[in-house]
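Below is one structure; the comments refer to it alone.
The values are calculated or read from the model by the stated rules, or taken from the named source; none is laboratory data. Not measured: the values here are computed from a predicted model. Because the Cβ atoms are built from the backbone with ideal geometry, glycine has one as well, and the counts that use them run over all protein chains shown.
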Amino acid sequence: MDTAKLTLPDQEIELPIIVGTENEKAIDISRLRGTTGYITLDSGYGNTGSCASGITFIDGEQGILRYRGYPIEELAGSCSFLEVAYLLVNGNLPNADKRADFLDKVTKHTLIHEDMKKFFEGYPANAHPMAILASMVTSLSTFYPDGADGELDIIRLIAKAPTIAAFSYKKSVGQPFIYPRNDLDYASNFLRMMWAIPSEEYEVSPAVRDALNLLLILHADHEQNCSTSTVRMVGSSQANLFASMAAGVSALWGPLHGGANQKVIEMLERIRDDGGDYAKYMDMAKDKNSGFRLMGFGHRVYKNFDPRARILKSAADNVLTELGLSDPLLDIAKGLEEVALADDYFVARRLYPNVDFYSGIIYRAMGIPTEMFTVMFALGRLPGWIAQWKEMRDDPKGRIYRPRQVYVGSGERSVG
Ligand code: ACO
């Protein structure tokens, strides 16, 4: 085994080097403190591997994303979201029997307990649907205590999340809840729960269904991002499945993470209302004192391009064409991307559009309200969170996540 040599003021030690499947290299410092008394300091964890994982591979330099070894482009082109969910959670794509069994189970667990409907009544009409989603996911643990049913609870969660999401939308517009139907696929069922009203027939548009399927697959996992690390962090204390997932929802909500898709649309609208003056917004994005960032740009890992953004850019064009729509925000987004990619500031910092830059345009075309965008992201990310939580829970060497710190506060003092 290769080792790395670390020279400290008072000693020199050798640390094991770990090499991943794709030749990614890491220095194993797990015995560093015990051996030397030193810890590492890495604010924001940019250089810290928190686990070894066999779920998702990303090469940020080359714009590669694979789930369980399959390139995202292939999965997006040939699978349904539930097949990808199965792949992430169980490690392999399902054969025909397992696929039928999984789809059947997910379809039959879509109803939420009737008592849960009362919770929706208590929220103000303008409650953010991410707040409702987080609360409802935690609440599932009151109906299925401690997430003690293992695999069945995973099925329940995947099945019930779209129902909760659609109910939170119905609540916000004051319409009656539309119950799930067992003869519809996952995406169609969700769309119907969102848009149907009891007095009318509702036909799911195949273009919208396919776009939703694609979006969900592209969001399904992304290794140790902020929300996934949160899920692992909470789960590492052996908190139950539902509590751990609710923590993931909360982490995703922030505008630097999943909340960016809502912020992108708000930014594009602002630019449109301001006469489409890109230059002004580029200047603001470059000025650290402005507090303004180009939302949907930049990524901790992708430093070349985000493969998901590439797929979504062409999907945005296709969906709008298929639905016979045009959206001035898509033109603004493309214009802004062109200007940013030619700008020294963005080039030097290797800032490219991320998945959120174009996803919002497609959600808009589908009729999804802006406040629901991050909820859509959460629906997509759920299988990834579950897979990562399961991998952590099943790791015999798993320990509670408990980072250290370097204390820089005042020394001991006395109140007297
Ligand atoms: N607009 C303007 N400048 C930016 C942007 C941006 N969107 N993103 C990064 N920068 C600048 C930073 O100011 C910094 O400049 P400096 O080196 O002169 O100080 C440099 O680029 C590096 O940025 P960091 O913030 O250090 O990068 P980090 O990896 O910590 O953050 C993040 C990544 C949060 C995605 C950041 O790029 C960002 O805030 N983007 C906008 C929000 C966004 O789109 N989030 C979605 C991320 S994808 C996802 O979660 C699905």
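Scanning the stretch 338-356 for residues that are closer than 26 Å to residue 210 by Cβ and within 7 Å of the ligand (Cβ to nearest atom) yields 354, 355, 356.
Residues in the stretch 275-317 that are in a helix (DSSP H, G or I), acidic (Asp, Glu) and modelled with pLDDT of 90 or more: 283 only.
Look at (1) in a helix (DSSP H, G or I); (2) within 12 Å of the ligand (Cβ to nearest atom) and you find that residue 271 fails only one, number (2). The numbered conditions (1) within 16 Å of the ligand (Cβ to nearest atom); (2) buried (at least 22 other Cβ atoms within 10 Å of the Cβ); (3) more than 28 Å from residue 76 (Cα to Cα); (4) small (Gly, Ala, Ser) are all true for residue 333 except (3). With respect to the conditions (1) within 13 Å of the ligand (Cβ to nearest atom); (2) farther than 28 Å from residue 209 by Cα; (3) in contact (Cβ under 8 Å) with a residue 12 or more places away in the chain, residue 304 falls short on a single one, namely (1).
Are there any pairs with C-beta distances below 8 angstrom linking a residue in the stretch 115-127 that is touching a residue at least 24 places away in the same chain (Cβ under 8 Å) to a residue that is surrounded by 12 or more Cβ atoms within 10 Å (Cβ to Cβ) and hydroxyl-bearing (Ser, Thr, Tyr), with the two at least 6 apart or on different chains, and if so which? These pairs meet every condition: 116/139; 120/168; 125/172; 126/172; 127/168; 127/172. None of 400, 361 is under 20 Å from residue 314 (Cβ atoms), of a type in the set (Val, Ile, Thr) and either out of contact with any strand residue (DSSP E or B) (no Cβ under 6 Å at 6 or more places or on another chain) or buried (at least 20 other Cβ atoms within 10 Å of the Cβ) (or both) except 361. Has the stretch 74-90 got at least one residue that is surrounded by fewer than 16 Cβ atoms within 10 Å (Cβ to Cβ), in contact (Cβ under 8 Å) with a residue 24 or more places away in the chain and either at positive phi or assigned by TED's automatic domain parsing to the domain that holds residue 172 (or both)? The answer is no; no qualifying residue exists. Within the stretch 159-203, restricting attention to residues that are of a type in the set (S, T, N, Q) and under 18 Å from residue 118 (Cα atoms), the residue that is modelled with the lowest pLDDT is 172. Residue check: residue 189 meets all listed conditions (1) surrounded by 22 or more Cβ atoms within 10 Å (Cβ to Cβ); (2) in contact with a helix residue (DSSP H, G or I) (Cβ under 6 Å, 6 or more places away or on another chain); (3) part of a helix (DSSP H, G or I) but one, namely (2). Condition test on residue 261, is it at pLDDT below 95 and under 14 Å from the mean Cα position of the chain (by Cα)? Judged against the criteria, residue 261 is a match. Of the numbered criteria (1) without any contact (Cβ under 8 Å) to a residue 60 or more places away in the chain; (2) under 27 Å from residue 234 (Cα atoms), the one residue 33 fails is (1). Across the stretch 234-243, which residue is surrounded by the fewest Cβ atoms within 10 Å (Cβ to Cβ) among those that are part of a helix (DSSP H, G or I) and small (Gly, Ala, Ser)? Per the criteria, the residue is 243. Does residue 231 satisfy the criteria of being part of a helix (DSSP H, G or I), outside the structural domain of residue 345 (by TED's automatic domain parsing), within 16 Å of the ligand (Cβ to nearest atom) and out of contact with any Pro (no Cβ under 8 Å at 6 or more places or on another chain)? Yes, satisfied. Among the listed residues 249, 319, which satisfies the condition of being in the same structural domain as residue 231 (by TED's automatic domain parsing), of a type outside the set (Lys, Arg), out of contact with any His (no Cβ under 9 Å at 6 or more places or on another chain) and more than 12 Å from the ligand (Cβ to nearest atom)? Just one listed residue meets the conditions, 249.
The requirement of being assigned to a loop (DSSP other than H, G, I, E, B), more than 10 Å from the ligand (Cβ to nearest atom) and either surrounded by fewer than 19 Cβ atoms within 10 Å (Cβ to Cβ) or among the aliphatic types (A, V, I, L, M) (or both) is satisfied by residue 220. Out of curiosity, is residue 364 in a loop (DSSP other than H, G, I, E, B), closer than 17 Å to residue 296 by Cα and not acidic (Asp, Glu)? No; evaluated as a whole, the condition is false for this residue. Within the set 32, 65, the sole residue that is in contact with a helix residue (DSSP H, G or I) (Cβ under 7 Å, 6 or more places away or on another chain) and surrounded by 11 or more Cβ atoms within 10 Å (Cβ to Cβ) turns out to be 65. All conditions in (1) within 11 Å of the ligand (Cβ to nearest atom); (2) at negative phi; (3) in contact (Cβ under 8 Å) with a residue 12 or more places away in the chain hold for residue 293, with the sole exception of (3).
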